[in-house]
Amino acid sequence: MKKLILISLTVVVIAAAIIASIMTRDGQLMVPDGQGTVSIDGQAFEAFPLPDYAAQKVSSDYKSYFIEVEPGIKVHMLEVGSGYPVFLMHGNPTSGFLYRKIVAELPKDRLRLIMPTLVGLGFSSKIPASQHTLDNHIRWINTALAQLDLTGLVYVGQDWGGPVGLGALSRSPGLIEGAVVLNTGFNAPKEASSLSRAHDIAKTPLVGELMFERLVSIFERLHDAQGDPESIPEDVADLYGRPVLESGNAKAPLAMMRMVPNSPDEPSSEQMREIERYVQGLNIPVEIVWGMNDPILAKGLPVMKENFPDAAVTETQGGHFLQEEVPTEIAAAVLRIVDEVE
């Protein structure tokens, strides 16, 4: 009987080890394929025809294409309009489509509106979890910007699109001329802290995989972070989640949650300190538009005001993905900043 129990326990341990190994796998590089080319300002890029469920969310004037920033690493770009460039960066776990409502309220005959999607999300390349580092994401977006050969722009950023976007711009001095800052953060932790309970769970090995890849779909719970939960209905959650979940490598949302530094000695903290110094040295017009019902970052507004003490601040009832809730307020801020820099 004891031998049988020992054998059974051994089988259970081996099975658990196998399951844990599968759940914590690093994932594989998944490279999307385009079709044909799209010409933008005399440059040719690999075109990517949007699937119907995505194409119906934007106008037919949108251009959809890839910029290959490293072998196999393709950044999906959405772009519409012509004129002064506005560079709009989303965060985890959405995509460039997050800005579609704001774009709808901006003059396309005056502005070139550029919406990249972070690697690992949307229709961009999918990568192993271990490659999701802040330094990598900054380098990839900086390379994408370099290939667009811009000479000046207004930047808009939210969530990880904040440090990734400004981190990328910090490596191209003189490119940024103005900014609209949404719910994000640019400051490195000076002591151990916690952004949210969800992020703490995500950082726990195996528990994070179990919670956010098996028990709960991050995309199905996006509405929980909103001031108005109905601002992210099922079809919008599907717009963000479907290309990730169907890719064969859906590691990005959890990996990006784990990128958030909780202490000064975590890997992302070094880049965050560089970004913080860059932000505090900027001398450009800035507006802050903040979602005060954001359960994750609403509390970060005082620190953001310290970063930009002269910035006009618009407090809204929006949540974390405030682009879905208060596009009019954001679009108005963008126009005011463009008016100031042009």
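In debye, nearest 20: dipole of the chain around its Cα centre with unit charges on the Cβ of K, R (+) and D, E (-)? Don't skip to the end; give the middle numbers.
Numbers: 27 positive and 43 negative charges, 248 e Å.
Value, rounded to 20: 1200 debye.
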With a Förster distance of 30 angstrom and the Cβ-Cβ distance between Met211 and Thr314, calculated FRET efficiency to the nearest 0.05 equals 0.30
Under a GNM of the chain (C-alpha, springs under 10 Å), which listed residue has the highest mean-square fluctuation: Ile138, Ile218, Ile40? Ile40
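Based on DSSP, what percent of beta bridges with both residues in the chain are antiparallel, to the nearest 5?
Counting DSSP beta bridges with both partners in the chain, the antiparallel share is about 45 percent.
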Listed residues Ala179, Val80, Ser124: farthest to the positive end of the dipole of the range 32-191 (Cβ charges): Ala179
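State the extension gain, in nm to one decimal, for the chain segment bounded by Arg273 and Thr151, taking 0.36 nm per residue of separation less the distance between their alpha-carbons. Display every interim value, and only then the final one.
Details: separation 122, 0.36 × 122 = 43.92 nm, distance 2.61 nm.
Additional length available on full extension: 41.3 nm.
Only helical DSSP H runs with n ≥ 4 go in: add -39500 (n - 2.57) per run for the chain, normalise by residue count and round the 222 nm mean residue ellipticity to 500 deg cm²/dmol.
Details: 11 runs with 118 residues, N = 342.
So the helix-based figure for the chain works out to -10500 deg cm²/dmol.
How high is the relative contact order of the chain, in percent, with contacts defined as C-alpha pairs under 8 Å that are six or more residues apart?
Values: 660 pairs, mean separation 63.5, N = 342.
Taking the mean separation of contacting Cα pairs over the length of the chain, I get 19 percent.
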Could you work out the equivalent-ellipsoid semi-axes for the chain, taking the square root of 5 times each eigenvalue of the Cα gyration tensor, largest first, in whole Å? 35, 24, 19
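Within 10 Å, count the other beta carbons around each residue, average over each peptide in 274-286, 328-340, 84-96, 174-186, and list them highest first. Provide the component values of the computation, followed by the final result.
On the way: 274-286: 16.4, 328-340: 19.5, 84-96: 25.5, 174-186: 23.2.
Going from most to least packed, we get 84-96, 174-186, 328-340, 274-286.
Tell me whether the range 80-178 comes out rounded, prolate or oblate; compute the Cα gyration tensor, take square roots of the eigenvalues as a ≥ b ≥ c, and use a/c under 1.5 as the rounded threshold.
Here the range 80-178 falls in the oblate category.
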Gained length - Ile284 relative to Leu245, 0.36 nm times residue gap less alpha-carbon distance: 10.1 nm
Accessible solvent surface per residue of the chain, calculated while the other protein chains remain in place, 1.4 angstrom probe, Å²: 43
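Using a ≥ b ≥ c from the Cα gyration tensor of the range 271-318 (square roots of the eigenvalues), is it rounded, prolate or oblate, where a/c under 1.5 gives rounded and otherwise the larger of a/b and b/c decides, a/b for prolate? Walk me through the numbers before you get to the answer.
Working: a/c = 2.93, a/b = 1.47, b/c = 2.00.
Taking the square roots of the gyration eigenvalues as a ≥ b ≥ c, the range 271-318 is oblate.
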Dimensions (Å) - the range 227-315, Cα atoms, principal axes, largest first: 43, 33, 22
The answer for the chain, counting only DSSP H helices whose Cα atoms cover 27 angstrom or more along the axis and whose Kyte-Doolittle average is 0.5 or greater, is 2-23
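The values are calculated or read from the model by the stated rules, or taken from the named source; none is laboratory data. In this text the structure is predicted, and so the values were computed from the model without any measurement. Counting neighbours? That spans all protein chains shown, and the Cβs are built from the backbone with ideal geometry, glycine included. All accessible areas refer to the heavy atoms of the entire protein, side chains included, with ligands and DNA or RNA removed. Shrake-Rupley method; radii C 1.70, N 1.55, O 1.52, S 1.80 Å.
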